[in-house]
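Visitor: Take this structure, written in structure tokens, and hold onto it; I'll ask about it next.
Read the figures in this text as sums done on the coordinates, not as results from a lab. What you are looking at is a predicted structure, and each value in this text was computed from that prediction instead of being measured. Using ideal geometry, Cβ is built from the backbone for each residue, glycine included, and neighbour counts are taken over all protein chains shown.
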Amino acid sequence: MAETQHIVHTISPVYNADSRVLLLGTLPSPQSRLAAFYYGNRQNRFWTILGAVFGENIGPSIAEKKQFLLDRRIALWDVLAECDISGASDSSIRNPVVNDFSAIFETAAIRAVLTTGRTAYRLYERLCSAKYDAPFYYLPSSSPANCALSLERITGMYGTLLLRFCAG
């Protein structure tokens, strides 16, 4: 098992005044931190899922990914600002400190918070949900470690909520 490290989140949130959905992971993985952007592990299905939901290919650059999100009214960040963690194992998280989502909620009319993975959902529910009015929903992790759900099934789950809350 990887050594436990104290990680401080350094990737800025993606959002603007038109954002309607706040999509939250737990914390950037080691590969995402190296890539300096969300879901940087090439085996992670996140960008493939979003592309399939909206029927588009997403460019490989950070700028293209940010623009894709903003054009679809999606804000993207993570629940945690910092924590102690071993590798990318959410189950090893200790001493979590949550991000302050106030600026996002003050800037955008967020209709729903969608969490990617069980740990993100539990942390948001326990540490954040009472502060913000938007309903929040669980989505399964797009991590390569979560191979229990087919790409088609997970895409359908993401699509149901994203299309519902991003429209109009």
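Visitor: Work out the charge dipole of the range 4-166 with +1 on the Cβ of Lys and Arg and -1 on the Cβ of Asp and Glu about the Cα centre, then indicate which of G59, T26, A148 is farthest towards its positive end.
Guide: Comparing the listed Cα positions along the dipole, A148 ranks first.
Visitor: Determine the calculated [θ] at 222 nm for the chain from helices alone, applying -39500 (n - 2.57) to every DSSP H run no shorter than 4 residues and normalising by the residue count; nearest 500 deg cm²/dmol. Working shown, then result.
Guide: Values: 6 runs with 57 residues, N = 168.
Theoretical 222 nm ellipticity from helices: -10000 deg cm²/dmol.
Visitor: Here is a follow-up. Give me V79, V97, V14 sorted ascending by neighbouring Cβ count inside 10 Å, so fewest comes first.
Guide: On the way: V79 28, V97 12, V14 21.
Exposure proxy ranking, most exposed first: V97, V14, V79.
Visitor: Anything in the chain that counts as a DSSP H helix reaching 15 Å or more along its axis (C-alpha) with Kyte-Doolittle mean of at least -1.0? List them, would you? All intermediate terms of the calculation are to be shown ahead of the outcome.
Guide: Numbers: long enough: 151-166 (21 Å, 0.68).
Span-like helices here: 151-166.
Visitor: Compute the signed sum of charges (Lys and Arg +1, Asp and Glu -1) over the other residues within less than 14 Å, Cβ to Cβ, of C83.
Guide: Working: positive: R33, R94, R122, R126; negative: D78, E82, D84, D90.
Net of charged neighbours comes to 0.
Visitor: About the Cα centre, and with charges only on the beta carbon of Lys, Arg (+1) and Asp, Glu (-1), how big is the dipole of the chain? Nearest 20 debye, please. Spell out each step's value before the answer.
Guide: Values: 16 positive and 14 negative charges, 67 e Å.
The dipole of the chain has a size of about 320 debye.
Visitor: Okay, moving on. For a quick check of your reading of the filter: which GluC sites (Glu not before Pro) in the range 1-75 sit in a DSSP loop and have no more than 10 other Cβ atoms within 10 Å? Kindly include the intermediate steps, with their values, before the conclusion.
Guide: Working: sites: E3, E56, E64; in loops: E3, E56.
When the GluC sites (Glu not before Pro) of the range 1-75 are filtered for loop state and at most 10 Cβ neighbours within 10 Å, E3 remain.
Visitor: Another question, if that's okay. Going by a ≥ b ≥ c, the root eigenvalues of the Cα gyration tensor, does the range 4-166 fall in the rounded group (a/c under 1.5), the prolate group (a/b larger than b/c) or the oblate group?
Guide: Details: a/c = 1.36, a/b = 1.10, b/c = 1.23.
It is rounded, given that a/c, with a ≥ b ≥ c, falls under 1.5.
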